[in-house]
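The values are calculated or read from the model by the stated rules, or taken from the named source; none is laboratory data. Treat the numbers as computed from the prediction; the structure is a model and nothing was measured. Counting neighbours? That spans all protein chains shown, and the Cβs are built from the backbone with ideal geometry, glycine included.
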Amino acid sequence: MSEKSIVDVGKFLQKYGLKIGENPVFGGVSNVHTKGSYHYTPGGSAIDVTDWRPDMAPAYEGGPSKSWKQRTGELSWRAKKLGVFTEALGPGDPGHSEHVHLALAKNAPISEQQLEWLATGRYKTPEGKLSSSLPTSYASGQSLPATTQPAQPQTAQQGAGNTIVLVPGMPNQPKSSEDYLTDFLSKNFTKTSTGNVTSQIDPIAALRQAFNTPSTFE
């Protein structure tokens, strides 16, 4: 999923008939906004979105006809539900009864499905189906980044009815040498069934490898 600027968002919304303004790329910025507004940041970090299509029109081709006020209100609601914008204001917020204000302080990861849902209230899933539900950050079919996947414990059978679970990774933090053996074994080996288990590892060698420590344990 690529990162998008507020200008990218504005250009996407234009494809669905929405009018974009109050940004240097979209006709300039008027002197009507509050001091410090995202409209006045270098390059413009905000846009105002208005829906001046016919009073009764669908949000997408073939959709149900709605008034422009209803379409504007629903656009504002979807923008807030997405949770990707630094600011999202619309009908019900002071000074925004007829338009939607969107701001991005910096580029943000936003999928095509999210933008399509923002503009119309529906989007096409990776499987080609139309959905009106809120698309997630990974609606484009991406899996979660590898860093967020929890490490899976490895198991090793130790005779009938005895299993040791090897828990990967232990922080390499300074400890006194007499604590290493007990700490390492207790955090990295868990007996999940009853009965005595005989370890098949050399604890000293395992400690040296895990902590990259010279032979201070002999």
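Quick look at the values:
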{"quantity": "Among (1) out of contact with any strand residue (DSSP E or B) (no Cβ under 6 Å at 6 or more places or on another chain); (2) farther than 16 Å from TYR16 by Cβ - the single one TRP68 does not satisfy", "calculated": "(2)"}
{"quantity": "Unmet requirement for ARG53, which otherwise passes all of (1) surrounded by fewer than 18 Cβ atoms within 10 Å (Cβ to Cβ); (2) under 18 Å from PRO94 (Cα atoms); (3) in contact with a Gly (Cβ under 7 Å, 6 or more places away or on another chain)", "calculated": "(2)"}
{"quantity": "Of all residues in segment 117-131 being of a type outside the set (Lys, Arg) and assigned to a strand (DSSP E or B), the one that is nearest to GLY17 (Cα to Cα)", "calculated": "TYR123"}
{"quantity": "Subset of segment 79-116 (residues that are more than 21 Å from PRO42 (Cα to Cα), in a loop (DSSP other than H, G, I, E, B) and under 15 Å from the mean Cα position of the chain (by Cα))", "calculated": "GLY83, ILE110, SER111"}
{"quantity": "Among the residues listed as GLY44, GLY36, GLY10, the single one being surrounded by 15 or more Cβ atoms within 10 Å (Cβ to Cβ), part of a loop (DSSP other than H, G, I, E, B), at pLDDT 90 or above and in the same structural domain as ARG122 (by TED's automatic domain parsing)", "calculated": "GLY44"}
{"quantity": "Residue within segment 63-76 that is of a type in the set (Phe, Trp, Tyr), modelled with pLDDT under 95 and part of a helix (DSSP H, G or I) present", "calculated": "yes"}
{"quantity": "Whichever residue in segment 63-87 is polar (S, T, N, Q) and surrounded by fewer than 20 Cβ atoms within 10 Å (Cβ to Cβ) and, among such residues, is nearest to SER131 (Cα to Cα)", "calculated": "SER65"}
